[in-house]
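Written below as structure tokens is the structure these notes are about.
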Amino acid sequence: MDIANSCIPPEFDTHSHHVHTREIRAYLIDRGPDSARVLDFLDQDFVFAVQGNHEAHFVRTSIDRLRLYAKINRHGLSWVGELETSHIQEIQQRLLQLPIVLEVPTDAGLVGLVHADVPKGMDWETFVLGLASGCAETRQVAQDGRRRVDEADCSGVDGIARVFVGHSIMQGGPVRFGNVYAIDTGAVYYSDPAMKGTLTLVRINGDGLDIAKTMGSRIVANGYT
């Protein structure tokens, strides 16, 4: 079974919750001290991940500047302050190797996973080819775009059955935009009473969209075709 999720808070033990599943993540490092465990997490043979804007920023930032950010907790990077330089460099190298997009063949058709978005009006093949060719604009949208969510654009993405994205927090539950599913429900803010963040798990290769909010009080099941 293939499970997609947006981000995992510290209290979620991936070892105890893993039962013959392949976990595909739209987030890796984010706000929170347990981001330092990212290498241990990536070493699990059931974990696959894409590189998002937080990972990209971490990779291209110098060690000295990361330590400065840690002191002021910019972007939630306080956890970096406790790490040896060699450990930070190892994390950077590992995150640099992550793909920007993943494709998973399923009985329902090809499923794509990307951190943020696919450019409006662009079909899946053109999107993937643009990333492969190093198109900076396509990469920026893939890792940091919000237009689809901001405009409630339900035109979808041609050339693929479903696309799962994170990045934009969906309060109240995941939202479908055509065949694009925004599943970041703010798990990193699970302890914030204003945000009421929850962890969303999605069974991407099933007949329906089975959503379990493991850090919240609700379990929501939505169907899709």
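Where a number appears in this text, it was derived from the coordinates with a stated rule and is not lab data. Just so we're clear, the structure is a prediction, and the values are computed from it rather than from any experiment. Cβ sites come from the backbone with ideal geometry, for glycine too, and all protein chains shown count toward neighbours.
Worth a mention:
- Estimated inter-spin distance, residue 43 and residue 97, nm [label 7 Å along Cα→Cβ]: 1.3
- Rounded Å value of the spacing that divides the Cα centres of region 96-110 and region 50-72: 25
- Rounded FRET efficiency, nearest 0.05, which uses the C-beta distance separating residue 89 from residue 151 and R0 of 45 Å: 0.70
- Peptides 130-136, 179-185, 109-115 ranked from most to least packed by the mean count of surrounding Cβ atoms within 10 Å: 179-185, 109-115, 130-136.
- Spin-label pair residue 74-residue 108: with each label point 7 Å from Cα along the Cα-Cβ axis, the two points sit 4.0 nm from one another.
- Straightening the chain between residue 129 and residue 144 buys 3.6 nm, computed as 0.36 nm per residue apart minus the Cα-Cα spacing.
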